[in-house]
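Q: Have a look at this one before I ask anything.
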Ligand SMILES: NC(=O)c1ccc[n+]([C@@H]2O[C@H](COP(=O)([O-])OP(=O)(O)OC[C@H]3O[C@@H](n4cnc5c(N)ncnc54)[C@H](O)[C@@H]3O)[C@@H](O)[C@H]2O)c1
């Protein structure tokens with residue numbers, strides 16, 4: 001089975017590519033290397049920007065893909081509020097060109113990297129897929145827009161899709177060869193690891209939330225568990241599965257303080273913490289109801305306990 005992986009040079013994409021190759025899939029990576037890392041690519045590679053429609057069609061035509069996994073996007077909620085045009089343009093136009101290519105080449109299946117950011121502040125916990133969609137960032141809105149576009153392309157051109165709504169992707173493969181390397185980095189675990197490596201103060205945004213220790217609670221999912229879920233989603237579509245959306249989280253939340261304490265424990269560095277003002281658009285608590293993914297995809301997050309997540313992330317960051 002021949003799979004096109006957009007954004008396959010990025011954090012989650014490069015690790016999912018390894019999983020796909022280990023299971024015998026034929027994989028082509030597409031990336032513009034704006035955030036991705038060329039040295040992580042170990043398979044057929046097409047360097048192109050999804051926003052360049054003519055070039056995209058020219059470089060990919062007649063490759064005869066059976067399915068697409070679409071990771072490529074700009075993915076930082078905070079940054080999206082400073083660069084709304086850039087985020088809407090990249091995430092919506094890029095995705096739209098990809099769908100036009102799929103229509104042209106009659107590629108029947110797509111797995112899309114969606115996000116829990118489209119739920120905003122949830123009304124009910126744990127959050128299930130039926131929760132109302134009210135993103136609180138341009139980033140979340142751009143992902144919701146693409147989910148809606150997919151729905152119409154599905155209806156009009158019979159493209160079958162799976163929206164995988166990830167919670168907080170984290171951790172690294174157990175061999176320490178790949179890991180999380182965003183620029184700028186705004187995710188909690190890599191930021192806390194940086195504070196540990198440099199023994200510098202860590203900025204904690206808000207400790208007055210209505211949670212047991214006053215800090216935000218999030219659901220962390222190990223990147224290897226995410227990678228496996230993409231294979232499950234592909235297989236389901238290949239076996240006649242209908243278009244659908246799934247939450248990918250563990251169903252358990254950890255507070256920012258719990259995560260920071262785990263980084264301190266694993267690194268052995270008691271770095272200082274400074275309390276900053278809350279960031280706008282940060283819900284106090286969000287964690288997934290993952291029962292639909294478990295029942296219908298066979299999703300089984302085996303690497304996603306906090307200690308394994310932080311340990312594997314620490315191992316990678318120590319040597320990179
Ligand atoms: N990291 C998370 O916690 C998280 C959570 C929810 C959803 N997601 C989604 O998962 C996907 C992957 O996230 P990540 O953390 O690996 O991000 P990443 O930035 O590491 O990877 C994205 C990749 O897409 C490429 N790219 C961006 N725009 C492109 C374009 N126009 N044309 C071609 N390539 C382009 C980048 O160069 C990069 O390699 C994103 O769609 C993101 O929105 C991530």
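The values are calculated or read from the model by the stated rules, or taken from the named source; none is laboratory data. Just so it is clear, the model here is predicted, and its values are computed rather than measured. Here the Cβ is made from the backbone with ideal geometry for all residues, glycine too, and neighbour counts use every protein chain on show.
Q: Are there any pairs, at least 6 apart or on different chains, whose C-beta atoms fall under 8 Å, with the first in the stretch 22-37 and on the phi > 0 side of the Ramachandran plot and the second within 13 Å of the ligand (Cβ to nearest atom), and if so, which?
A: Matching pairs, first to second residue: 33/9; 33/47.
Q: In this structure, does residue 145 turn out to be farther than 24 Å from residue 246 by Cα and surrounded by fewer than 22 Cβ atoms within 10 Å (Cβ to Cβ)?
A: Here the answer is no, as residue 145 does not meet what is asked.
Q: If I filter the stretch 66-89 down to residues being within 16 Å of residue 49 (Cα to Cα) and over 16 Å from the mean Cα position of the chain (by Cα), which single residue comes out as farthest from the ligand (Cβ to nearest atom)? Explain how you work it out, then say what you get.
A: Just the residues of the stretch 66-89 that are within 16 Å of residue 49 (Cα to Cα), to begin with: 68-75, 86-89.
Within this subset, residues satisfying the condition of being over 16 Å from the mean Cα position of the chain (by Cα) are 86, 88-89.
On the way: 86: 10, 88: 12, 89: 9 Å.
Checked the stretch 66-89; the qualifying residue farthest from the ligand (Cβ to nearest atom) is 88.
Q: Let me ask something else. Looking at 207, 213, can you tell me which residue is away from the ligand (no atom under 16 Å from the Cβ), outside the structural domain of residue 16 (by TED's automatic domain parsing), touching a residue at least 40 places away in the same chain (Cβ under 8 Å) and crowded, with 17+ Cβ neighbours inside 10 Å? Steps first, answer last, please.
A: Working: 213 fails: crowded, with 17+ Cβ neighbours inside 10 Å.
Exactly one residue qualifies, and that residue is 207.
Rundown of residues vs (1) farther than 28 Å from residue 78 by Cβ; (2) in the same structural domain as residue 299 (by TED's automatic domain parsing); (3) in a helix (DSSP H, G or I); (4) away from the ligand (no atom under 16 Å from the Cβ), yes/no style:
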position	(1), (2), (3), (4)
150	no, no, yes, no
154	yes, no, yes, yes
164	no, no, no, no
179	no, yes, no, no
182	no, yes, no, no
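Q: Still on this structure: Please indicate, with yes or no, whether at least one residue in the stretch 53-68 is out of contact with any strand residue (DSSP E or B) (no Cβ under 9 Å at 6 or more places or on another chain), closer than 26 Å to residue 221 by Cβ and assigned to a loop (DSSP other than H, G, I, E, B).
A: Scanning the stretch 53-68 turns up no residue that is out of contact with any strand residue (DSSP E or B) (no Cβ under 9 Å at 6 or more places or on another chain), closer than 26 Å to residue 221 by Cβ and assigned to a loop (DSSP other than H, G, I, E, B).
Q: If a residue has to be touching a helix residue (DSSP H, G or I) at 6+ places or on another chain (Cβ under 7 Å) and over 15 Å from residue 5 (Cβ atoms) to count, how many in the stretch 77-99 make the cut?
A: The qualifying residues number 11.
Q: Residues in the stretch 252-270 that are touching a residue at least 60 places away in the same chain (Cβ under 8 Å) and buried (at least 19 other Cβ atoms within 10 Å of the Cβ): how many?
A: 5
Table: residues versus (1) at pLDDT below 95; (2) closer than 27 Å to residue 102 by Cα.
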{"residue": "148", "(1), (2)": "no, yes"}
{"residue": "164", "(1), (2)": "no, yes"}
{"residue": "175", "(1), (2)": "yes, no"}
{"residue": "195", "(1), (2)": "no, no"}
{"residue": "215", "(1), (2)": "no, no"}
{"residue": "233", "(1), (2)": "no, yes"}
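Okay, residues lined up against (1) outside any helix (DSSP H, G or I); (2) within 19 Å of the chain's Cα centre (by Cα):
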site: 9; (1), (2): yes, yes
site: 12; (1), (2): no, yes
site: 16; (1), (2): no, yes
site: 19; (1), (2): no, yes
site: 34; (1), (2): yes, yes
site: 39; (1), (2): no, no
site: 46; (1), (2): yes, no
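Q: Let me ask something additional. Taking the residues in the stretch 12-35 that are in contact with a helix residue (DSSP H, G or I) (Cβ under 7 Å, 6 or more places away or on another chain) and under 22 Å from residue 320 (Cβ atoms) as candidates, determine which candidate is farthest from the ligand (Cβ to nearest atom).
A: If we take residues in the stretch 12-35 being in contact with a helix residue (DSSP H, G or I) (Cβ under 7 Å, 6 or more places away or on another chain) and under 22 Å from residue 320 (Cβ atoms), then 19 is farthest from the ligand (Cβ to nearest atom).
Q: Then there is this: So which residues in the stretch 122-148 are more than 13 Å from the ligand (Cβ to nearest atom) and assigned to a helix (DSSP H, G or I)? Walk me through it before giving the result.
A: Applying the first criterion (more than 13 Å from the ligand (Cβ to nearest atom)) to the stretch 122-148 yields 122-134, 136, 148.
Result: 148, single match.
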